[in-house]
Every structure is written in structure tokens, then in C-alpha cells.
Amino acid sequence: MKTIPLALLGCWCSVAAAQPVFFDDFDGPDFLPHWRVPPPENWEYNISGGRLNVTDLHFPGIAHLESNFARIQTSFEAQSDFRIDVWMGWEREPFAPYDELFARVTGPSGGIMAEFGLVYPGGPAEVAAATGAGKVSIPPPPPGIYQFTIARTDSQFDFYLDGDHFGSLLDPYGLPAAGLTIWFSKEFPGEMNPKHVDRVRVIPAPGVLAPLIAWAPAWARRRR
């Protein structure tokens, strides 16, 4: 019989105790009512294979804006300390301006608190985490699906990419988190680099166990 390290066992118990206040695995065939989504003419997408697949963007189609974009938004019970995981990714190397896919945490009035994902900062694309206190960034990893995690404890945001600590930034706002936006954009006119969102969850009060929670599923897969 396989044994589980005590630290990991404690982690799993904490996960069980902290039930998600929001979860969606895009099991189809269309969006659940908790999402606010653009009108069909603004974008092309499908929900299949347990993923949201965005294949083209048409809004607003105005040349001087240089990009087309879409966003999906949801609200959840207001959280002080929390952890948000979004599994999402892209099919090809980012190749054009505004080739973007990122998750954004918002407060009760809709103000931006933190964001994390693939962004175009006016130069080469990068994967970046940002709050009002600053930004941490790296060149984008290869095409694929990645786990982007935004966690807040007290007055600090911590960001994880596939369970590895990406960076820490102060929270200058001190507001409860109450919403999540997932943003898609592409150059206008230009070809879409298809984007995918596999699943989303919001868990209250991750505390010091955030790194262990991220690592535990990978450990379990290796043990199997």
C-alpha cells in the first residue's frame, strides 16, 4: 500500500475543507449561466473536449485600435484571502501584437486588482503578473495549456505558473476579490492564434499551503 507524506496529507485535507466558491470545467455544450459573454457576432468559439476554444475575434474591427478582443466575466462571493486557478493556453508561438490571453481579478465595483497570463506590453509578447504595485514577467513558454494561479494572503499577491512560484507583488488596494475576467485579443487585421481555457476555480483562504496545493496533483500523477 502506498503511503502519502504527512505534509501532503495535510494539504489534501485543507483542499477538502476549502471548497471552491466557483468552478467550471467547460463540460459543454455551451456556457453556464454564471458567465457573462460577448454576443455571438463578436467572436468565434466552441466548447468541446472539456475546453473553451476561441478561434477568432471580430470586435470592434476598427483599424486605429489595432486589436480585436473579447472577454468572459463572472462574479463570486467576495473573498479576502483566496486562490484562483485558470488552466489556459495557446496553440502557436505568440507571433503578432496583441496576441493575448490573461486572467484578471476584480473587486466588488469591477476595479482591476491583479492579472496574470500572456500579454503584449508594446514589444515582444511575455507572460506577466501584475498588480497596481508592479509587474513580474518572462518570455512566453512554448504553446500548450498552463496552470495560472493568483493567490492573495493578507496584503501580498503570489503568482504560480504550473505550480512553480512566479513572483510576489504587494496588494495596494486591500479590497475583497469578487470577480474574474478572462481576456482574449489579437492583432487587427490579423490571424488568430487559437486560445483555450480548460477549467477555472476559486478557492478561499489558501494561506501558506498554496505551493503544496499546486504541487500535489502532479505528485499524485507520478505515483500512479
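Derivation of every value follows stated rules applied to the coordinates shown; laboratory data play no part. For clarity, every value in this text was computed on a predicted model and none was experimentally measured. Here Cβ is always computed from backbone atoms with ideal geometry, including for glycine, and neighbour counts include all displayed protein chains.
Computed quantities for the displayed model
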item: Burial ordering of Leu52, Leu170, fewest other beta-carbon atoms within 10 Å first; result: Leu170, Leu52
item: Contour minus Cα-Cα distance for Arg92 and Ser109 (0.36 nm per residue); result: 2.6 nm
item: Label point at Val37 placed 7 Å out along Cα→Cβ; residues across the stretch 69-92 whose backbone nitrogen lies under 20 Å; result: 69-76, 86-91
